[in-house]
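The values are calculated or read from the model by the stated rules, or taken from the named source; none is laboratory data. Note that the structure is predicted; figures quoted are calculated from it, not measured. Using ideal geometry, Cβ is built from the backbone for each residue, glycine included, and neighbour counts are taken over all protein chains shown. Ligands, DNA and RNA are excluded from the accessible area calculation, which covers all protein heavy atoms including side chains. Shrake-Rupley method; radii C 1.70, N 1.55, O 1.52, S 1.80 Å.
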Amino acid sequence: MEKNVNKCEEIVERDEKVISKASRAPYFPVVMKKGRGSIIEDMDGNEYIDLFSSSAVLNTGHSHPKVVAAIKEQVDNFIHFSTDYMYAEAQVKLAEMLTDITPGDFDKKVCFGLSGSDGNDCAIKLARSYTGRSKIISFIGGYHGSTYGALSLSAISLNMRRKIGPLLPEIEHMPYPDCYRCAFNKERENCSLECLEYMKMAFENYIPAEEVAGIMIEPIAGDLGFIIPPQEYMDGLYKLCKENGILFMVDEVQQGFGRTGKWFSIEHFNIAPDVMVTGKSIASGLPMSAVIARAEIVDSLNMPAHLFTVQGNSTCARAAIATIDVIKEEKLMLNAKKMGYYIKKRFSLMEKKYDIIGDIRGEGLSIGIELVKDRETKERNDDAAIKITYRCWQKGVLLIFLAENILRIQPPLVIKKSELEKAMNILEETIEEYSLGKISDEALDMVTGW
Ligand SMILES: Cc1ncc(COP(=O)(O)O)c(C=O)c1O
């Protein structure tokens, strides 16, 4: 299929000469010109339905008028004045709103930053300073960001860690409770939560529990492939934390702000975390992170242990206030549930026709589709993931894959049924084409991916 991408390709060529390759996993040569709601237009005038939300950053959609108006009003008055030394009303108001929507019937405070990554660094600092302990536990396959702390928590890619060590010490990684690809070769029906037992065994043999400051878990593991742990695992993990004076910390950077049909994905488990890291969608695309934690934990950190000159920036804070208002006023969590249900239903019907669909997972508008070569062996079908996403891009639907073979479906929460229907029809048509061997190998040279 011919597609005019002249202007986009020219910019990509210039980009490659001046921009760090460490900062991009290339998928398609899309250079955005304009976006509204769930629709994107590129520099060559091609339109796309966005099933990706700029990596789960645009929960309110592209340039939501209320978010844009709040930003404009703020920049007309002033852009920012460092709250490292003085105060800003928007920042205070936002912190009040955040502590209000975060689970937990206890006093909370907020630490602001600029990215999900620095939010995770903040969580490490809080856990260490509050407990006086040094060790942190996170999970194999998890992604928490690219600053040294967040990168040390992550265990998803060797290239992320090669050549830049030493990383942060005292961080241990455990198997994630993944019931589709269980590290202990069990099925949920016949397992005894060996993943949790493994951690207990580690506490008995080589990780003194009394030296562990915090456990950091993504309650629905996005980049690992939208894995939802069993409730019993999360209950057990929380109990283990409480029994050993360990902080229960969650990374809500990707799943937060209504994406899974609740404000935060940890609410699906009815657990109130001690520390919660947020970012991405918080300010609808402006750079911001917020760590919301028990007040006494936040107060344990000394000044100036977490100070960034533009943290909690007034313009970003106004965007974040408007974002929270829009999610409430437009009932976006309800829309996420309804639209998510529709997507899963469409895939369940497809599953009967196409053997490459191995599993359908997710909550709300955070959905992962496992593409496999064989349903029994669960061998990852990376060929299908590349070709299907590439073909969808050619046909005007933007989505990517992660963990080699998993379609990542995270449209803006404002997406309309008619847009989603159109996107799903194109996706189904493309899966059919792939199953008939009709998609050429051209995509394999074009797409590198995550
Ligand atoms: C779960 C999770 N945590 C942290 C991050 C890092 O956020 P940022 O890229 O804003 O630093 C990401 C980004 O993809 C993420 O998905």
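Test V68 against the criterion of being away from the ligand (no atom under 16 Å from the Cβ) and either polar (S, T, N, Q) or touching a residue at least 60 places away in the same chain (Cβ under 8 Å) (or both), and give yes or no. Against the criterion (away from the ligand (no atom under 16 Å from the Cβ) and either polar (S, T, N, Q) or touching a residue at least 60 places away in the same chain (Cβ under 8 Å) (or both)), V68 does not qualify. Here Y148 meets the list (1) more than 15 Å from the ligand (Cβ to nearest atom); (2) open to solvent by 50 Å² or more (accessible area, probe 1.4 Å) almost entirely, failing just condition (1). Of the residues in segment 370-378, at least one is open to solvent by less than 10 Å² (accessible area, probe 1.4 Å), charged (D, E, K, R) and at pLDDT 95 or above. Can you find even one residue in segment 121-128 that is surrounded by fewer than 24 Cβ atoms within 10 Å (Cβ to Cβ) and away from the ligand (no atom under 16 Å from the Cβ)? Taking every residue of segment 121-128 in turn, at least one turns out to be surrounded by fewer than 24 Cβ atoms within 10 Å (Cβ to Cβ) and away from the ligand (no atom under 16 Å from the Cβ). Looking across T430, T448, one residue alone is polar (S, T, N, Q), over 23 Å from K352 (Cα atoms) and either under 25 Å from the mean Cα position of the chain (by Cα) or open to solvent by less than 10 Å² (accessible area, probe 1.4 Å) (or both). It is T448. N270 meets all of the listed conditions (1) under 28 Å from I343 (Cβ atoms); (2) surrounded by fewer than 24 Cβ atoms within 10 Å (Cβ to Cβ); (3) within 15 Å of the ligand (Cβ to nearest atom) but one, namely (3). As a summary of the residue check, M288 satisfies the conditions (1) closer than 24 Å to L402 by Cβ; (2) in the same structural domain as L407 (by TED's automatic domain parsing); (3) of a type outside the set (S, T, Y) except for the one numbered (2). Do any residues in segment 294-322 that are closer than 22 Å to V275 by Cβ have Cβ atoms under 8 Å from those of residues that are of a type in the set (S, T, Y) and part of a loop (DSSP other than H, G, I, E, B), where the two are at least six apart or on different chains, and which pairs are they? Note: pairs meeting the criteria are Q311/T83; G312/T83; A320/S284. In segment 405-416 there is at least one residue matching the filter, namely being in the same structural domain as M339 (by TED's automatic domain parsing), over 20 Å from R259 (Cβ atoms), of a type outside the set (D, E, K, R) and surrounded by 15 or more Cβ atoms within 10 Å (Cβ to Cβ). S138 satisfies every condition listed in (1) closer than 28 Å to G368 by Cβ; (2) open to solvent by 50 Å² or more (accessible area, probe 1.4 Å) except (2).
Report yes if K33 is among the basic types (K, R), under 22 Å from A317 (Cβ atoms) and surrounded by 13 or more Cβ atoms within 10 Å (Cβ to Cβ), otherwise no. Against the criterion (among the basic types (K, R), under 22 Å from A317 (Cβ atoms) and surrounded by 13 or more Cβ atoms within 10 Å (Cβ to Cβ)), K33 does not qualify.
In the list S82, S55, S38, which residue meets the criterion of being hydroxyl-bearing (S, T, Y) and farther than 30 Å from H306 by Cβ? Criteria check complete, one pass: S38. If we scan segment 142-149, do we find a residue that is outside any loop (DSSP other than H, G, I, E, B), under 13 Å from M216 (Cα atoms), modelled with pLDDT of 95 or more and over 16 Å from the mean Cα position of the chain (by Cα)? Within segment 142-149, one or more residues are outside any loop (DSSP other than H, G, I, E, B), under 13 Å from M216 (Cα atoms), modelled with pLDDT of 95 or more and over 16 Å from the mean Cα position of the chain (by Cα). If only residues of segment 226-246 that are among the hydrophobic types (A, V, I, L, M, F, W, C) and open to solvent by less than 10 Å² (accessible area, probe 1.4 Å) are counted, the one that is nearest to G214 (Cα to Cα) is I246. Filtering E252, E197 for residues that are away from the ligand (no atom under 12 Å from the Cβ), acidic (D, E) and either over 24 Å from the mean Cα position of the chain (by Cα) or crowded, with 24+ Cβ neighbours inside 10 Å (or both) leaves a single hit, E197.
Reported count of residues in segment 72-105, each being among the β-branched types (V, I, T) and open to solvent by less than 40 Å² (accessible area, probe 1.4 Å), is 4. Selection of segment 277-294 for residues being more than 12 Å from the ligand (Cβ to nearest atom), buried (at least 24 other Cβ atoms within 10 Å of the Cβ) and not small (G, A, S) yields only I292.
If you go through segment 156-192 and pick out every residue that is at positive phi and surrounded by 14 or more Cβ atoms within 10 Å (Cβ to Cβ), you end up with 1. Restricting segment 227-249 to residues that are assigned to a loop (DSSP other than H, G, I, E, B) and within 16 Å of the ligand (Cβ to nearest atom), the residue that is nearest to I343 (Cα to Cα) is I228. For D107, the criteria (1) closer than 18 Å to I297 by Cβ; (2) within 16 Å of the ligand (Cβ to nearest atom) hold in every case but one, which is (2). Of everything listed in (1) open to solvent by less than 50 Å² (accessible area, probe 1.4 Å); (2) hydrophobic (A, V, I, L, M, F, W, C); (3) more than 14 Å from the ligand (Cβ to nearest atom), the single unmet condition for L153 is (3). Residues in segment 209-224 that are more than 10 Å from the ligand (Cβ to nearest atom) and either on the phi > 0 side of the Ramachandran plot or out of contact with any Ser or Thr (no Cβ under 9 Å at 6 or more places or on another chain) (or both) were compared, and the one that is least open to solvent (accessible area, probe 1.4 Å) is A209. The strands (runs of 3 or more DSSP E) found wholly in segment 9-127 and carrying at least 3 residues that are assigned by TED's automatic domain parsing to the domain that holds G222 occupy 108-113.
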